[in-house]
Amino acid sequence: MAYAYWKTGKMEDKAVFDLFFRKNPFRGEFAIFAGLGECVKFLNNFRFSCSDIAYLQEILPNVDQGFWEYLSQLDASQVVTMSAIPEGYVVFPKVPLIRLEGPLPVIQLLETTFLNLINYASLVATNAARFRITAGDGVQLLEFGLRRAQGPDGGLSASKYCYIGGFDGTSNVLAGKLFGIPVRGTHAHAFVNSFSSLDDVSENVSFLDFCCFLSIFCQLAMSWLTKISPILNILEHETNKGELKAFLAYAYAFPRTCLCLLDTYSVIKSGLPNFLAVALALNEYGYRAIGVRLDSGDLAYLSRKCREAFVLIADQFESPWMKKFTVVASNDINEETLISLKEQKHEINSFGIGTHLVTCQKQPALGCVFKLVEVNGEPRMKLSEDVGKINLPGKKSVFRLYSEDGLAILDLIQLCSEKPPEVGKKILVRHPFIESKRAYVCPYKVELLYRDYWGNNGLTQSFPSLQELKKTASDSLKTLRQDIKRELNPTPYKVSVTNEMYNFLHELWLKYAPIGELS
């Protein structure tokens with residue numbers, strides 16, 4: 001297309017493009033906007049290298065030489081401007097997330113990359129936000145999905161955007177290094193399986209900073225196992241001693257962050273008593289275990305049994321700190337699982353979730369589109385048999401109107417030539433396509449959603465940190481009414497246009513729509 005534009009002399013045509021989506025993901029009524037920072041980075045590095053042009057010359061051998069000279073001089077620094085809704089905001093269908101202006105061929109060349117950077121990022125951040133809403137604020141969410149992610153970059157991006165969407169940490173160590181996300185994790189079943197008996201570890205290894213041997217630690221844990229077995233009503237000889245040694249080895253390596261996986265053999269009959277024995281032994285050396293992870297079975301039931309055992313042993317041996325053990329649940333946790341667990345009396349306070357795998361199973365993409373809305377000051381409009389696919393023409397501004405209690409009422413789309421809405425002044429707002437749907441709104445607060453991120457000299461403002469983006473997403477979600485965020489049959493959020501925008505849209509619609517003839 002770029003060559004066709006160049007060949008027909010449209011290199012200097014000034015175009016405006018909107019990037020938006022048509023339908024909310026996950027049967028919900030909102031999305032979280034993410035990926036804008038990557039778009040800014042792409043703009044900053046947008047240019048064609050000598051090797052790029054050499055390759056293009058190979059696959060397009062009949063192109064005029066002048067076009068390659070044109071491409072070699074292209075960059076975004078002096079010709080492109082970009083306005084966008086801040087990353088992390090809640091956003092809605094039909095509302096342009098990004099507005100790009102510049103030479104028609106240049107903006108067209110940005111389309112595929114921008115869609116790629118926004119679609120996946122926003123989808124993952126939205127999914128993470130839905131997990132956070134469903135789980136509630138009192139539960140820790142950990143992203144454990146790297147091993148099942150869509151390639152290394154898909155996994156790294158998902159860790160980043162899960163954090164923005166509301167997760168607390170990740171098992172992805174590289175994401176921790178690059179983005180400053182808290183790194184959390186536990187050992188695997190393989191670690192437990194690698195030990196077969198109490199004799200698996202050399203008894204010449206010293207324990208922590210104390211002048212004693214690991215064998216003494218084993219003996220101490222065994223003595224505690226003997227004490228707690230009748231209290232828990234389990235048979236000591238049925239507990240797996242390889243598992244006990246694995247827990248001891250893990251506590252030896254990580255005395256301050258010991259969290260053990262219980263379901264390698266049996267949660268109730270082996271994993272739970274073995275963990276409690278190790279935790280009590282570790283306590284005698286001045287360290288406190290953190291808790292346990294459950295990765296299979298009835299998570300609600302098993303978490304309750306674990307908590308009951310923690311309380312029982314804590315009371316029996318006057319160790320109140322044991323009552324606060326964390327219970328982490330993993331095992332393909334999805335949104336439906338969280339909803340189900342909320343209906344049961346579970347004792348889980350942390351979830352390990354492979355959220356980007358769930359994302360791709362449920363929804364392959366957010367469905368963002370990139371549409372031309374103006375050329376050389378003239379509006380452009382794409383028509384369709386499907387009204388939902390008709391775009392809003394012209395260069396536009398978007399405002400979010402708020403009520404007195406700080407909640408968002410609606411998003412208002414209008415032409416840039418119109419006066420902004422005013423606080424305390426009644427405004428007629430309309431549905432873009434349904435004539436009868438209209439109302440008056442008197443906003444308590446008016447927020448212009450667009451910020452200028454890229455201009456004639458490049459980046460026009462500093463970009464927020466990942467931690468700031470996470471807070472932005474959390475704060476923005478709080479401006480939505482609960483019925484809009486609920487899991488089942490949420491209330492649609494209103495996206496409206498001004499009366500002037502409505503008339504402009506429908507006049508243009510009639511202008512471009514062909515008139516049929518009946519016979």
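The values are calculated or read from the model by the stated rules, or taken from the named source; none is laboratory data. As the structure is a computational prediction, the values presented were derived from the model and not from experiment. So basically every Cβ, Gly included, is an ideal-geometry build from the backbone, and we count neighbours across all protein chains shown.
In table form, for the structure just shown:
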item: Hits in the range 158-178 - residues which are part of a helix (DSSP H, G or I), free of Cβ contacts under 8 Å to residues at least 40 places away in the same chain and small (Gly, Ala, Ser); result: SER159, ALA175, GLY176
item: Flag for THR81 being in contact with an Asp or Glu (Cβ under 8 Å, 6 or more places away or on another chain) and surrounded by fewer than 21 Cβ atoms within 10 Å (Cβ to Cβ); result: yes
item: Residues located in the range 66-85, provided they are touching a strand residue (DSSP E or B) at 6+ places or on another chain (Cβ under 8 Å) and among the hydroxyl-bearing types (Ser, Thr, Tyr); result: SER77, THR81, SER83
item: Verdict on ALA439 being among the small types (Gly, Ala, Ser), part of a strand (DSSP E or B) and surrounded by 13 or more Cβ atoms within 10 Å (Cβ to Cβ); result: yes
item: Some residue of the range 422-431 being in contact with a Ser or Thr (Cβ under 7 Å, 6 or more places away or on another chain), in the same structural domain as ASN24 (by TED's automatic domain parsing) and not in a loop (DSSP other than H, G, I, E, B); result: yes
item: Flag for VAL139 being surrounded by 17 or more Cβ atoms within 10 Å (Cβ to Cβ) and in the same structural domain as SER270 (by TED's automatic domain parsing); result: no
item: Selected residue [under 28 Å from GLN414 (Cα atoms) and not assigned by TED's automatic domain parsing to the domain that holds ILE333] from TYR89, TYR55, TYR70; result: TYR89
item: In the range 411-428, the residues that are within 35 Å of the chain's Cα centre (by Cα) and polar (S, T, N, Q); result: GLN414
item: Helices (runs of 4 or more DSSP H) wholly inside the range 17-132 that include at least 2 residues being touching a residue at least 24 places away in the same chain (Cβ under 8 Å), closer than 17 Å to TRP6 by Cβ and not charged (D, E, K, R); result: 65-72
item: Options SER197, SER202; residue that is among the polar types (S, T, N, Q), touching a Gly at 6+ places or on another chain (Cβ under 8 Å) and at pLDDT below 95; result: SER197
item: Lone qualifier among LEU469, LEU488, LEU448 - being aliphatic (A, V, I, L, M), within 30 Å of GLU343 (Cα to Cα) and within 25 Å of the chain's Cα centre (by Cα); result: LEU488
item: Filtered residues of the range 23-36 (kept if more than 25 Å from GLU336 (Cβ to Cβ) and out of contact with any strand residue (DSSP E or B) (no Cβ under 9 Å at 6 or more places or on another chain)); result: GLY35
item: All positions within the range 306-345 that are of a type in the set (Val, Ile, Thr) and either surrounded by fewer than 20 Cβ atoms within 10 Å (Cβ to Cβ) or in contact with a Cys (Cβ under 6 Å, 6 or more places away or on another chain) (or both); result: VAL311, THR326, VAL327, THR337, ILE339
item: Candidates LEU372, LEU294 - the one that is crowded, with 22+ Cβ neighbours inside 10 Å and in contact (Cβ under 8 Å) with a residue 24 or more places away in the chain; result: LEU294
item: Checking PHE167 against (1) within 11 Å of the chain's Cα centre (by Cα); (2) modelled with pLDDT under 95, the condition it does not meet; result: (2)
item: Breaking point among (1) small (Gly, Ala, Ser); (2) more than 22 Å from ILE85 (Cα to Cα); (3) surrounded by 14 or more Cβ atoms within 10 Å (Cβ to Cβ), for GLY458; result: (2)
item: Filtered residue count, the range 17-53, keeping only those that are of a type in the set (Lys, Arg) and either under 21 Å from GLY154 (Cβ atoms) or surrounded by 16 or more Cβ atoms within 10 Å (Cβ to Cβ) (or both); result: 1
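Condition check ((1) assigned to a helix (DSSP H, G or I); (2) at pLDDT 85 or above; (3) under 16 Å from HIS431 (Cα atoms)) across all residues:
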site	(1), (2), (3)
THR359	yes, no, no
ALA365	no, no, no
PHE370	no, yes, no
ASN391	no, yes, yes
